[in-house]
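This report concerns only the one structure given below.
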């Protein structure tokens, strides 16, 4: 269709003015075989560009990095495809850094505010730069990165960056070998500088728009999605924007906590699923099961940290055609009102404090292991389950970067640290584990009574004869083929252990799991061993303990396993008999400040459960599917 071939002249005055003057900023050719830069030039031929390489080496591979302008706003492109908008004109994105676009945004907002005096809240969807999202000529998604900064790059941005930071970004600093700095990649200094540069600019420009809204006597709300890049709600500039509230899409417990935990706003709002779009609301489909699953998974997190409002999005005319769905949403709304009235503004009981350790730290709070917002990925679900489990667990959770630990040490109020991810990713850490100071810091933390849980390939970096650099804490390492000559004797798994009191080991699901994990010594408590590999183990280290888990996709069994692993590693086993349900499908949330607690059924079936109160006394309850019972603390 013609809409896939928009002409550059649709950009208007803001584009093309610096094309010739900025060639060195916008293109680079690289020999992939040797990583050497090569001279190159373009020969323009109509709508095609031909790259000529002089003196190329035969059978070597070359790549070209080039800067292109987006011709179609990604969200509008998605809506075009999803809703079959046909010949409706396509909207172009605009860059607030360009003078005409900047002036237009502010003047148009002033006009709009004056024309809508009765509007109380202005919701920005979001501000300026869309996360990286591209569709191909077949109308299929080609590339998506919910954290991608690709849409922020321009000649103007590169030139201002050089003036502010004193060095020039190369195309490779942004292209990143074709990975485009996925959050799974350990960020480089140049990329962190660039993110900081964009975040400062976005905060400054967004504040000007928010100030206009406030001057008109209205509240300013931001949608956490679409054009959210650079706002970074957990970054150091977000509060400067001055927003009153944030609303975001809720895919489950972790994404609800991503919204609810945002600091510096007066209230937060969750937009629940499903969207009222034709891909769900069509004749013959029942949207209630998806809505129920979404609500129950998010409700766990609400019990720990509620958003202040909930809502849905899409075409109301579609939802009205499904009366059972409307009735269910009315039930959800009423339950939320009652729940919010009870728990808002009070701190729930926490058995301990957990710290998630990776290369990103607080900046990516509740955002680890995500590619597209809350969607399943085979390489990620075995780790994302950790966040989903923690989102509704009776623990306090913080996120720390390796650099933060190196500079400030492990905070004294942290009971257990978790390092989880595939080797060489930002989540596991990669080369940072060669830092002697980091290794010693965590060894001291565990030796003096802390807990360390590793999932997948924790502290993994082949170095000095080990793969897991903290193998001495975990009591296990991974065979990479280099030490096959050394026999591995320890293969017998225990059948009775604190971690296994709620289920036998064979019931556990380790997701994509790991192979070739072996115990280093007989003192390692092997709790699951199959197919020649350890998948679950515990190991004493001084006064603390290390726990190894091969993978942790989200389900009720793994949620309980993680809780038990946290308590065992911190020597707080007695907490399993305080404010706790015995039935894995049920959870208990206590609010000592208000003198109340709730027993919750997280399943679609009727459940019976025993539960312990804060004094360890046993009680029992019968709960209908998805039901919640409230009690008074005596």
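The values are calculated or read from the model by the stated rules, or taken from the named source; none is laboratory data. Quantities reported herein were computed from a predicted structural model and do not represent experimental measurements. Methodologically, a virtual Cβ is constructed for each residue, glycine included, from the backbone with ideal geometry; neighbour enumeration extends over all protein chains shown.
Worth pointing out:
- Restricting 22, 65 to those that are touching a helix residue (DSSP H, G or I) at 6+ places or on another chain (Cβ under 7 Å), more than 27 Å from residue 136 (Cα to Cα), modelled with pLDDT under 90 and surrounded by 11 or more Cβ atoms within 10 Å (Cβ to Cβ) reduces the list to 22.
- Condition check for residue 248 on (1) touching a helix residue (DSSP H, G or I) at 6+ places or on another chain (Cβ under 8 Å); (2) on the phi > 0 side of the Ramachandran plot; (3) modelled with pLDDT of 95 or more: one failure, at (2).
- Residue match in the stretch 605-626 (condition: in contact (Cβ under 8 Å) with a residue 60 or more places away in the chain, closer than 30 Å to residue 289 by Cβ, part of a strand (DSSP E or B) and not assigned by TED's automatic domain parsing to the domain that holds residue 290): no
Here is a yes/no grid of residues against (1) over 29 Å from residue 457 (Cβ atoms); (2) in the same structural domain as residue 105 (by TED's automatic domain parsing); (3) in a loop (DSSP other than H, G, I, E, B):
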| position | (1), (2), (3) |
| --- | --- |
| 183 | no, yes, yes |
| 190 | no, yes, no |
| 194 | no, yes, no |
| 203 | yes, yes, no |
| 209 | yes, yes, no |
| 231 | yes, yes, yes |
| 235 | no, yes, yes |
| 239 | yes, yes, no |
| 251 | no, yes, yes |
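- The residues of the stretch 124-148 that are closer than 21 Å to residue 223 by Cα, surrounded by 15 or more Cβ atoms within 10 Å (Cβ to Cβ) and in contact with a strand residue (DSSP E or B) (Cβ under 6 Å, 6 or more places away or on another chain), listed by number, are 124, 126, 129, 131, 132, 133, 134, 144, 145, 148.
- Across the stretch 266-313, the number of residues qualifying as in contact with a strand residue (DSSP E or B) (Cβ under 7 Å, 6 or more places away or on another chain), surrounded by fewer than 20 Cβ atoms within 10 Å (Cβ to Cβ) and over 17 Å from residue 327 (Cα atoms) comes to 5.
- Of the strands (runs of 3 or more DSSP E) lying entirely inside the stretch 416-500, the ones with 2 or more residues being within 20 Å of the chain's Cα centre (by Cα) and within 24 Å of residue 398 (Cα to Cα) are found at 416-421, 451-456.
- Any hit, the stretch 259-273, residues being assigned to a helix (DSSP H, G or I) and modelled with pLDDT of 95 or more: yes
- All strands (runs of 3 or more DSSP E) inside the stretch 515-557 with 2 or more residues being surrounded by 24 or more Cβ atoms within 10 Å (Cβ to Cβ), touching a residue at least 60 places away in the same chain (Cβ under 8 Å) and not assigned by TED's automatic domain parsing to the domain that holds residue 296: 533-541, 544-549
- Selected residue (criterion: nearest to the chain's Cα centre (by Cα)) from residues of the stretch 571-604 that are outside any loop (DSSP other than H, G, I, E, B) and farther than 22 Å from residue 391 by Cβ: 573
- Failed condition for residue 477, given (1) within 15 Å of residue 356 (Cα to Cα); (2) buried (at least 22 other Cβ atoms within 10 Å of the Cβ): (1)
- Flag for residue 372 being at pLDDT below 95 and either out of contact with any helix residue (DSSP H, G or I) (no Cβ under 7 Å at 6 or more places or on another chain) or in a strand (DSSP E or B) (or both): yes
- Test result for residue 333, more than 21 Å from the chain's Cα centre (by Cα), closer than 24 Å to residue 79 by Cβ and assigned to a helix (DSSP H, G or I): no
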